[in-house]
Structure formats: C-alpha cells, structure tokens
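A.B. asks: This structure is in structure tokens; I'll ask about it shortly.
The values are calculated or read from the model by the stated rules, or taken from the named source; none is laboratory data. Note that the coordinates shown come from a computational prediction; the quantities given were computed from them, not determined experimentally. Every residue, glycine among them, receives a Cβ derived from its backbone with ideal geometry; neighbour counts consider all protein chains shown.
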Amino acid sequence: MNLPSIRTAFFVCFLLLWSPAFVVYSQAPREPKLIRDTDIAEGVEKIEAATAKEPNPKLAAVNVNIGNQYLKMKNYAAAAKRFLEAIEYKPDFIPAYDGLIRSYEKNGDFSKAIAACKTFLEKNPDSPKASDFRSRIAKLEKAAR
C-alpha cells in the first residue's frame, strides 16, 4: 500500500468512528428537567384527587422541616402545602399544625388559620397544647377584625 491510500483509509475510519458523536452534539439542546418540586417552591397549587396516605411519621417530619424552610424564605403558600402534607401523614402532629397556622397567619389568611386551629382541637381535644390553640384562636379572631 502506498501512503495516500493509507491516509485515505485512516480518514474514512476516523469519519466512521466519530460521525455519531457529531450527530449527538449537533442536535438542538433539550430543555433541562427539573429535579425539585418547583411548583411548590413557586407557590403554585394544583388541585389533585385526594388519596388516603398511610401514616408515616418520618415523612411528616421531613415535610415539616421543608415547610419551615419555606417559612424562612417567606414562601407561605408552599409552606402551607408542606404542612398540610405532613398532617396527611400524621394527623395529630402538633408542629405541622403550628407551622400551618403560622403560614396562614403570615399570608394574611386569618380565616384559614382559625379553621386550622379549630380542626386541630376537634381532632385532638385532649392534647397538651389544646389550651395554646384555644388562646391562638382568640388572638387570630382579634387580628382578623
């Protein structure tokens, strides 16, 4: 074989091996997939079919922690959604109700905050924090006027 035919063979092999890589890089860029719950982070609420969730104290605690982070970021709608989810996992979870009431109060939804207090008292009348929730209702009713 002579030198030009070796160069030609090498060039053809090079094109055959690298052409798929060029095709991949020449495609239009794809929109990145979101890996976090941006709808919740942005405060967008979706109406979903209510599904009964199994009690799970760990998931309730995780949702309360995330809700508290949203409260710190002043994203009260997202915080309320997380606290509601925590309540679905553990209906008698005092920190979840406390956070839910705070998020409604900070958002100016005093009627929802009062309703959340009353719901807690209906579901947990013998709770050690029942008196605190009753006094909170009185404060919220004054603030709502």
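A.B. asks: Residues of the stretch 120-145 being of a type outside the set (D, E, K, R) and within 10 Å of residue 101 (Cβ to Cβ), which ones?
C.D. replies: If the condition is that a residue be of a type outside the set (D, E, K, R) and within 10 Å of residue 101 (Cβ to Cβ), then 120, 133, 137, 140 are the ones that fit.
A.B. asks: It is to be established whether one or more residues within the stretch 94-107 are touching an Asp or Glu at 6+ places or on another chain (Cβ under 8 Å), under 16 Å from residue 144 (Cβ atoms) and crowded, with 20+ Cβ neighbours inside 10 Å.
C.D. replies: No, every residue in the stretch 94-107 fails to be touching an Asp or Glu at 6+ places or on another chain (Cβ under 8 Å), under 16 Å from residue 144 (Cβ atoms) and crowded, with 20+ Cβ neighbours inside 10 Å.
A.B. asks: Which one of the conditions (1) at pLDDT 60 or above; (2) surrounded by 10 or more Cβ atoms within 10 Å (Cβ to Cβ); (3) not β-branched (Val, Ile, Thr) does residue 58 fail to meet, given that it meets all the rest?
C.D. replies: Residue 58 satisfies every listed condition except (2).
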